[in-house]
1. Give the calculated FRET efficiency between Arg257 and Asp334 to the nearest 0.05, with a Förster radius of 25 Å applied to their Cβ-Cβ distance.
2. Going down the list Lys155/Lys267; Lys18/Lys267; Lys128/Lys309, which pairs span over 22 Å between their C-alpha atoms?
3. State the Cα centre-to-centre distance between the range 266-286 and the range 100-141 in whole Å.
4. Name the long-range amide H neighbours of Leu176: under 5 Å, sequence gap of 5 or more, or other chain; modelled H, no Pro or chain starts.
5. I need the fraction of alpha carbon pairs in the range 233-309 separated by more than 19 Å, rounded to a whole percent.
6. Give me the number: length gained by fully extending Arg165 to Asp88, i.e. 0.36 nm times residue separation minus the C-alpha to C-alpha distance, one decimal in nm.
7. Quickly work out the Ser66-to-Thr122 label distance, labels modelled 7 Å from Cα along the C-beta direction, and quote it in nm with one decimal.
8. Using a simple spin-label model with points 7 Å from Cα along the Cα→Cβ vector, what separation in nm is obtained for Thr303 and Asp150?
Amino acid sequence: MPKEKPRKQRSRKTASRKEQRDRMLRAYDYLRSHGFVETTDDVALRMGVNRSSVRSALSRGGTYMSLRLIDAFLGAFEGIFSREWLVDGVGEMLADGEVFSTSPHPTRSDRVSHLMEREGLTYGEMTKEVGLSSASTLFRITRYGQRPQDGTLDKILERYPKYSRDWLYAGVGPMLRTPEGSLKEHEVPEELDEETAAISTAIPYIPSQTMRFPLVEDPAVAGALTSFGDPDPEGVRMIEVPVDRPYRGTYRIFTIRGDSMDDGTSKGLAEGDRVLARSVDRDYWLDGLHTRDWLYFIFVTRTEGIVIKQVVAQDPARGLFRLHSLNPFYHDFDLHVSDVVAIYNVIEIVSRRLTV
């Protein structure tokens, strides 16, 4: 009997941490829907803690939780949430009623767009200045709101060190690092003369730098896939995408469904994202897919419909692919080549829906 008490105490403690984690997730969802953050990485930057700790606390399969983390979270978003509610589940979630972010540039893409306007640069000029491989990267960021990756922001900061890293990454603090002429994000810059203003906002859209690709409207399953490789051109919706060169081969645009590839990072794929993917010739399937060159692959299958995953292992002799989801809530599984109708390697995200 004496051994039962510690077990019950541990059980209550585990339950309490799970409940705290559930409340943290609710608070995180509130921050996202009210324009304070986009991902768990933004939360970590505001808190000044390791990203992995926050990801573990806020992911579906995460287990990490502590009072120190909760207090750091409350300090980063001071005055929004009730500590009594977050720690013990008592009272209401909000400390003083509903509140929205007042930042004029709440997302990474908004801040990159604002920076480009201040510097008076076009897509092509900015691309050369910061050393990006293609102007289409900035086009998708500023026109479609695609979240820029850390590497893109690092290149921007390397070329323009006067901008604050905390501001560009997470919208925290003043926009400029230097004390002289420091302009905070809520302040308005001096007015430009008409000619300079016209140049600073000139971000041309050049039709000759786009191509049209067919959109797979619905993640079809089973028998409907038998004609997947040769869709009726008259019944397919075409999407125009900016490109840096003519693309050769068979391409499709797919819409992401579900959250299996959403881990809260810039590399994740969220519900509603559209990706451009290139068909992999059947002759190369069992030679080994080029997983070092491409992060994700789309498999059109007879039994599972259309799935997008990472390929973490391949067994050509047995005809097996081991598929992995970024979201830790989902388990890896094996897919046999006999169940595969088509394989595509994902080239890039072509649009990203902003959700609340």
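1. Numbers: r = 21 Å, r/R0 = 0.86.
So the FRET efficiency works out to roughly 0.70.
2. Numbers: Lys155/Lys267 17 Å; Lys18/Lys267 27 Å; Lys128/Lys309 33 Å.
Where the Cα-Cα span goes over 22 Å, the pairs concerned are Lys18/Lys267; Lys128/Lys309.
3. Distance between centres, Cα-based: 26 Å.
4. Ser164, Leu183
5. Numbers: 1393 of 2926 pairs.
Within the range 233-309, distances greater than 19 Å cover 48 percent of Cα pairs.
6. On the way: separation 77, 0.36 × 77 = 27.72 nm, distance 3.51 nm.
Additional length available on full extension: 24.2 nm.
7. 5.3
8. So the two model labels end up 3.8 nm from each other.
Throughout, read-outs are computed from the coordinates displayed, never taken from laboratory work. Bear in mind that the values here come from a model prediction, so they are computed numbers and not experimental data. Virtual Cβ from ideal backbone geometry, glycine too; neighbours counted across all protein chains shown.
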